[in-house]
Amino acid sequence: MKLTPHNIIHHELIGLDTEVVDSTNSSLTGIRGKIVDETKHMFIIETDVQEKKVPKSCSSFIFTIPSFDDKRYLPLEIKVDGRLLLSQPENRIQTKFKKKFKK
């Protein structure tokens, strides 16, 4: 399954570039780097200086995913609330969420 903005919460996130854009802990806001590990409640993000542990439950993230249009590289940025990612990675990938339609 191809990684798209619609299925990002069902995908493997290790290896993606990310930035913490909102957090209840203001010292975490602005952390930018590559996800190197993931647990049920945490992302471990490798920055230029060191690895940082960021809790999912109190943070929002922007993920940069690769996208190609007519053989040109166009990275897409997707904002995701960390609470949507709260589960073990192997279980989150298998979970199917129901789509909710507004009328």
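Here, each number is a calculation from the coordinates, and none is a lab measurement. Just so you know, these numbers come straight off a predicted model, no measurement behind them. A quick note on method: Cβ atoms are made from the backbone with ideal geometry, for glycine too, and the neighbour counts reach across all protein chains shown.
General remarks:
- Taking the helices alone, the chain has a mean residue ellipticity at 222 nm of -1500 deg cm²/dmol, built from -39,500 (n - 2.57) per DSSP H run of at least 4 residues and averaged over all its residues.
- Cα-Cα over 21 Å, subset of 40/79; 52/79; 2/56; 34/79: 2/56
- As a ratio to 2.2 N^0.38 Å, the alpha-carbon radius of gyration computed for the chain takes the value 1.09.
- Sorting 92, 32 by the number of Cβ atoms found within 10 Å of their own Cβ, with the fewest placed first, yields 32, 92.
- For the chain, averaging the sequence separation of C-alpha pairs within contact (under 8 Å, six or more residues apart) and dividing by the residue count gives a relative contact order of 26 percent.
- Counted by neighbouring Cβ atoms within 10 Å, the residues 20, 80 run from fewest to most as 80, 20.
- Longest site-free stretch - the chain; sites: chymotrypsin sites (Phe, Trp or Tyr not before Pro), DSSP loop, at most 16 other Cβ within 10 Å: 1-96
- Here the stretch 8-94 is treated with +1 on each Lys and Arg Cβ and -1 on each Asp and Glu Cβ, and its dipole about the Cα centre works out to around 200 debye.
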